[in-house]
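Contents: one structure, followed by commentary.
Read-outs throughout are calculated quantities, based only on the coordinates presented, and are distinct from any laboratory measurement. None of these values were measured; they are calculated from a predicted model. Counting neighbours? That spans all protein chains shown, and the Cβs are built from the backbone with ideal geometry, glycine included.
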Amino acid sequence: MQNVNIILQIKNLSRTFGEQIALNNISLDVKKGQVFGIVGENGAGKTTLIKHLLGQYIAQQGSVRLFGLDPVESPEKVLAKIGYLSEEPELPAWMTVKELINYTSAFYPNWDHQYASELTDIFALQINKRISELSKGQKARVGLVLAQAHRPELLLLDEPSSGLDPNVRRDILSAIIKTVSDEGKTVIFSSHLLEEVERVSDHLMMLDSGEIMLLDSMENVLSSHHRLVIKENDNSDLKQLKEQFLSFGLFNCVKNSNEFVLDFSGDQKTIEKSITDSSLEIVSHRKLSLNDIFVSRSQANKGV
Amino acid sequence: MDIHLNQNDGVPVYLQIINQVKHLVSSKRLVTDQELPAIRVLAEQILVNPNTVARAYRELEIAGWLYKKRGAGTFVSGKASPLSDSERNRIIDEKIKGLLAEARQMDISITSLINRLKELSLKK
């Protein structure tokens with residue numbers, strides 16, 4: 001039986017476009033109340049994955065269940081519970097903001113007119129302006145009103161902050177926090193702005209070329225990743241270090257003049273002990289930010 | 001309450017909130033029985049997940065820095081022991097490290113930095 005706390009369940013989802021593998025055997029659960037961040041380079045599969053949640057793609061292999069339903073078979077039931085915003089929201093250019101809000105409200109029985117009007121005030125939107133007259137930031141704000149005003153159970157954002165100024169990005173983050181502060185509401189969002197993802201997400205998936213590179217709680221991700229810099233000595237070379245510490249969670253190792261920079265995922269004390277036991281001198285040690293982790297893991301995957 | 005987050009030093013966000021609340025209490029910028037912002041309000045102000053703020057408040061409450069009133073909010077207890085020497089050193093060390101890094105980038109020597117510090121401390 002479906003666990004009612006699981007909003008989204010993806011099992012072994014794979015997708016190809018011709019020869020190109022877009023998603024390869026993705027499995028994950030998102031629970032009620034989570035802020036689930038999806039990160040990855042352009043072309044990593046973030047948008048393809050999100051389109052499966054919206055029922056825009058049929059699963060070629062594996063399955064997608066949102067609120068226990070197949071989004072392709074029951075689009076109206078699934079979409080009624082989702083507030084969606086993409087990087088370039090496709091809004092009808094000829095409508096005024098007011099007309100678009102009224103038009104959209106007709107699709108949602110739960111539409112909260114008062115909340116919609118509060119949001120347009122907060123965002124200082126001029127409701128009689130045509131969409132075609134709005135800046136990119138104002139269009140994003142209109143998209144946010146439409147995504148939030150029916151108080152959806154799931155806020156689904158695909159690269160919402162791309163190319164927007166800090167004030168609009170702040171509004172988007174604030175919408176995420178407001179949504180999750182409401183009991184039981186869930187947020188899934190993809191972004192390449194890793195600092196923002198680190199601040200607001202409590203769970204993280206890192207995609208690389210359609211595969212899961214990391215899937216864990218944000219706390220586990222941040223607490224388990226370390227960078228140790230060790231001094232070069234006569235017995236150390238890059239290849240040998242990689243082999244020696246692979247079993248301790250070493251995922252990237254580069255030489256930087258007369259030092260080696262080693263990035264690990266694992267227990268800090270065990271790692272440090274394994275290094276000092278090998279008579280290597282640790283010069284510095286620090287935890288990695290999400291940005292560091294992303295760059296280092298991507299480098300390692302590409303064999304840079 | 002002014003909380004400033006630094007995401008580049010690898011200190012988890014909930015710990016940064018804890019450290020800064022302790023700092024604000026120790027420097028009397030937050031006084032006994034003063035109410036702290038609600039979890040959701042602070043989360044929206046500093047743009048972090050509400051669970052992160054909740055965790056920081058919970059740990060500060062367990063450590064005796066804050067107390068909760070049912071149906072009211074979270075307040076400064078005034079009962080927490082002042083910061084230990086090691087904790088004070090840790091906070092000031094963090095700031096000094098940042099200062100040293102900036103001085104290095106601008107090619108300012110340690111001696112000129114110390115002299116500058118002395119000069120500034122003498123200015124009222």
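Return the sequence-ordered ³J(HN,Hα) values of the stretch B:65-71 in whole Hz as given by the Karplus equation 6.51 cos²θ - 1.76 cosθ + 1.60 applied to θ = phi - 60°, using x for Gly and Pro.
7, 10, 9, 10, 10, 4, x
Which angle from 0 to 90°, rounded to the nearest 10, does the C-alpha axis of helix A:113-122 make with the longest principal axis of chain A?
Tilt of helix A:113-122: around 60 degrees.
Could you list which residues have their amide H under 5 Å from that of residue A:216, counting only those 5 or more apart in sequence or on another chain, with H placed in the peptide plane?
Correct list: A:204.
Mind checking which of A:103, A:50, A:249 is farthest towards the positive end of the protein assembly as shown's charge dipole, using Cβ charges of +1 (Lys, Arg) and -1 (Asp, Glu) about the Cα centre?
With unit charges placed on the Cβ atoms, the residue in question is A:103.
Students often forget the sequence filter, so: which aspartates and glutamates lie under 19 Å Cα-Cα from residue A:98 once same-chain residues fewer than 8 apart are removed?
Excluding near neighbours in sequence, the set is A:90, A:112, A:118, A:121, A:133.
Running a GNM on chain A with Cα contacts under 10 Å, which residue among A:212, A:176, A:282 ends up with the highest mean-square fluctuation?
A:282
How would you classify the protein assembly as shown from its alpha-carbon gyration tensor, with a ≥ b ≥ c the square roots of the eigenvalues: rounded for a/c under 1.5, else prolate if a/b is greater than b/c, otherwise oblate? Can you show the working numbers first?
Working: a/c = 1.92, a/b = 1.27, b/c = 1.51.
Oblate is the answer for the protein assembly as shown, as a/c is 1.5 or above yet b/c matches or exceeds a/b.
Most mobile of A:262, A:156, A:53 per a Gaussian network model of chain A (Cα springs, under 10 Å)?
Looking only at A:262, A:156, A:53, the largest GNM fluctuation is found for A:262.
Among A:142, A:63, B:73, which residue has its Cα furthest toward the positive end of the charge dipole of the protein assembly as shown, with +1 on Lys/Arg Cβ and -1 on Asp/Glu Cβ?
Of A:142, A:63, B:73, it is B:73.
Step through the table entries A:46/A:81; A:77/A:178; A:185/A:302, compare each Cα-Cα distance with 28 Å, and write down the pairs that go over it.
On the way: A:46/A:81 21 Å; A:77/A:178 24 Å; A:185/A:302 37 Å.
In this structure, A:185/A:302 exceed 28 Å between Cα atoms.
Which whole-Hz couplings ³J(HN,Hα) result when phi for each residue of the stretch A:222-230 is put into the Karplus expression 6.51 cos²θ - 1.76 cosθ + 1.60, θ = phi - 60°, listed in order with x for Gly and Pro?
Taking θ as phi minus 60°, the curve returns 6, 7, 9, 9, 10, 10, 10, 9, 10 Hz for the stretch A:222-230.
Would you tally the net charge around residue A:259, using a Cβ to Cβ cut-off of less than 9 Å, leaving residue A:259 out, and scoring K and R as +1, D and E as -1?
Numbers: positive: A:231, A:255; negative: A:232.
So the environment of residue A:259 carries a net charge of +1.
Report, by chain and number, residues whose modeled amide H sits under 5 Å from the one on residue A:61, excluding near sequence neighbours (fewer than 5 apart, same chain).
A:14
Run through the DSSP bridge list for the protein assembly as shown and note the antiparallel percent, rounded to the nearest 5. All intermediate terms of the calculation are to be shown ahead of the outcome.
Details: 43 of 62 bridges.
Just about 70 percent of them are antiparallel.
Please compute the average number of Cβ atoms from other chains found within 10 Å of each residue's Cβ in peptide A:188-201.
On the way: counts 0, 0, 0, 0, 0, 0, 1, 3, 2, 0, 6, 9, 7, 1.
Partner-chain Cβ atoms within 10 Å, mean over residues of A:188-201: 2.
Could you work out the relative contact order of chain A, using alpha carbon pairs under 8 angstrom and six or more residues apart, expressed as a whole percent?
On the way: 542 pairs, mean separation 56.6, N = 304.
Taking the mean separation of contacting Cα pairs over the length of chain A, I get 19 percent.
Order of A:105, A:257 from fewest to most other C-beta atoms within 10 Å?
Working: A:105 17, A:257 5.
The order, fewest Cβ neighbours first, is A:257, A:105.
With only Lys, Arg, Asp and Glu charged, each at its Cβ (+1 for the first two, -1 for the last two), find how big the charge dipole of the stretch B:13-122 is about the Cα centre; round to the nearest 20 debye. Before the final figure, lay out the partial values.
Working: 17 positive and 12 negative charges, 59 e Å.
That gives a dipole near 280 debye.
Rounded to the nearest 5, what % of the DSSP beta bridges within the stretch A:6-209 are antiparallel ones? List each step's numbers first, then the result.
Working: 15 of 34 bridges.
Beta bridges within the stretch A:6-209, antiparallel portion: roughly 45 percent.
List A:113, A:226 from most exposed to least, where exposure is judged by having the fewest other Cβ atoms within 10 Å.
On the way: A:113 11, A:226 20.
Ascending number of Cβ neighbours within 10 Å: A:113, A:226.
If I model a spin label at residue A:132 and residue A:247 as a point 7 Å from the Cα along the Cα→Cβ vector, what separation in nanometres do I get?
For the pair residue A:132/residue A:247, the computed spacing is 6.9 nm.
What's the average, rounded to a whole number, of partner chain beta-carbon atoms within 10 Å of each residue's beta-carbon in A:165-175? Please report the intermediate quantities before stating the final value.
On the way: counts 0, 0, 0, 0, 1, 2, 0, 1, 4, 4, 1.
Partner Cβ neighbours, averaged per residue: 1.
Per residue of the stretch B:36-46, what does 6.51 cos²θ - 1.76 cosθ + 1.60 with θ = phi - 60° give for ³J(HN,Hα)? Whole Hz please, x for Gly and Pro, Karplus curve as stated.
Karplus-based 3J(HN,Hα) across the stretch B:36-46 equals 8, x, 4, 3, 5, 5, 5, 4, 6, 5, 9 Hz.
Give the long-range amide H neighbours of residue A:252: residues separated by 5 or more places, or on another chain, with amide H under 5 Å away, using H modelled in the peptide plane at 1.01 Å from N.
Correct list: A:263.
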